[in-house]
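The values are calculated or read from the model by the stated rules, or taken from the named source; none is laboratory data. Just so it is clear, the model here is predicted, and its values are computed rather than measured. As a convention, Cβ positions derive from the backbone with ideal geometry for all residues, glycine included, and neighbour counts pool all protein chains shown.
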Amino acid sequence: MSISKSEARFLDLPGGRLAYSVEGPQDGLLVVCAHGMGDTRAAYRHLTPLLTEAGYRVAVVDVRGHGESSTGWPSYAPEHVAGDLLALVRHLGGPAVLVGSSSSTAAATWAAADSPGDVTGLVLISPFVDDPKLSLFLRAAQGLVTHSPLLWGVYYKSLFPNVKPADLDDHLRHLRATLRQSGRMAATRGVVAPTETRWTERTGDVRCPVLVVMGTRDPDFPDPEKEARLAVDLMAPLARLSMIEGSGHYPYQDMPGPTAEAIREFLLETVSA
């Protein structure tokens, strides 16, 4: 499966190597996209061309331990993933807008809080604000899913309850093949391991404009709009909300057109203003 039109590039950092690719005009506003747990930068395969056509320079990164990035990092916590994102922004000649999806919304927020000069805007797609209240059965199920590439694929597919991308089965084959590699499932678990400081505690340090994007049919939340508004309230008055009608957990895959338009409008009205 082709991940993007651009071949992977690599950035060596203390502790490991990051894989990323870049598309779009060299003089365009830099947008750096980070995927969620268990995924790869191929998650942005539909959004990237829409943003580059709008004039943005888009970098998509395999979060440490995922995709073509190396495994064996000492930590997969969001504050350390945030450091990777900032290193990539600086390497590419930032500042940049950071786009985080699901678990990576924590890292993107952390990066903006740690280094306001490097981050001019945040797009948080499907952020988790409340800690989920799981029964013993669901906790056991979660443990099984995060240890099995096959079960992870089943769970991942369930996050598209309404509209499924035409190439979803190809993407799932790509994910399962990647997750079978040594160290990949450990990295998946590491991304969402409990941390001493939650990302929500860093929101008060964010100084840039923020767009929260949520699908109205996101099955990861009992009430997707309520969860999204919690995120917006945390960063008021800097944040605004865009609900993507009919979308699941990954709006940039099942509804890339409306998602790209929401991001474009946000950037034009705030970061590019």
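So for region 115-131 (the condition being over 28 Å from R180 (Cβ atoms), touching a strand residue (DSSP E or B) at 6+ places or on another chain (Cβ under 9 Å), in a loop (DSSP other than H, G, I, E, B) and in contact (Cβ under 8 Å) with a residue 40 or more places away in the chain), does at least one residue qualify? So that I can check it myself, show each step before the final result.
Within region 115-131, the first condition is being over 28 Å from R180 (Cβ atoms), and the residues that meet it are 115-124, 127, 129-131.
Adding the requirement that they be touching a strand residue (DSSP E or B) at 6+ places or on another chain (Cβ under 9 Å) leaves 118-124, 127.
Within this subset, residues satisfying the condition of being in a loop (DSSP other than H, G, I, E, B) are 118, 127.
Now drop any that are not in contact (Cβ under 8 Å) with a residue 40 or more places away in the chain, which leaves 127.
Among the residues of region 115-131, at least one is over 28 Å from R180 (Cβ atoms), touching a strand residue (DSSP E or B) at 6+ places or on another chain (Cβ under 9 Å), in a loop (DSSP other than H, G, I, E, B) and in contact (Cβ under 8 Å) with a residue 40 or more places away in the chain, which makes the answer yes.
Can you name every residue in region 196-221 that is in a loop (DSSP other than H, G, I, E, B), of a type in the set (S, T, N, Q) and at pLDDT below 95? Show your work before the answer.
Going through region 196-221, the residues in a loop (DSSP other than H, G, I, E, B) turn out to be 196-198, 206-209, 216-221.
In the following step, the residues that additionally are of a type in the set (S, T, N, Q) were identified as 197, 216.
Residue satisfying the conditions is T197 alone.
Can you tell me which of (1) touching a strand residue (DSSP E or B) at 6+ places or on another chain (Cβ under 8 Å); (2) more than 24 Å from A77 (Cβ to Cβ) is the one V210 doesn't meet?
So the condition that V210 fails would be (2).
Tell me which of these V60 doesn't satisfy, since it passes every other one: (1) in contact with a Lys or Arg (Cβ under 6 Å, 6 or more places away or on another chain); (2) surrounded by fewer than 18 Cβ atoms within 10 Å (Cβ to Cβ); (3) assigned to a strand (DSSP E or B).
Going through (1) in contact with a Lys or Arg (Cβ under 6 Å, 6 or more places away or on another chain); (2) surrounded by fewer than 18 Cβ atoms within 10 Å (Cβ to Cβ); (3) assigned to a strand (DSSP E or B) one by one, V60 breaks only (2).
Cβ-Cβ distance below 8 Å, separation of 6 or more or different chains: which pairs start in region 251-273 with a residue that is more than 29 Å from K157 (Cα to Cα) and end on one that is aromatic (F, W, Y)?
From region 251-273, the pairs are L267/Y56.
Select from region 222-250 the residues that are without any contact (Cβ under 8 Å) to a residue 12 or more places away in the chain and in a loop (DSSP other than H, G, I, E, B) and list them in ascending order.
Matches in region 222-250: P222, D223, A236, P237.
Restricting the search to region 161-189, which residues are closer than 22 Å to V81 by Cα and under 19 Å from the mean Cα position of the chain (by Cα)?
L175, T178, L179, R184, M185, A186, A187, T188, R189
So that you can scan it fast, the table gives a plain yes or no per residue for (1) within 16 Å of the chain's Cα centre (by Cα); (2) not polar (S, T, N, Q):
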{"position": "A228", "(1), (2)": "yes, yes"}
{"position": "L241", "(1), (2)": "no, yes"}
{"position": "G248", "(1), (2)": "yes, yes"}
{"position": "Q253", "(1), (2)": "yes, no"}
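In the list A193, A177, A187, which residue meets the criterion of being in a loop (DSSP other than H, G, I, E, B) and farther than 18 Å from P237 by Cα?
A193
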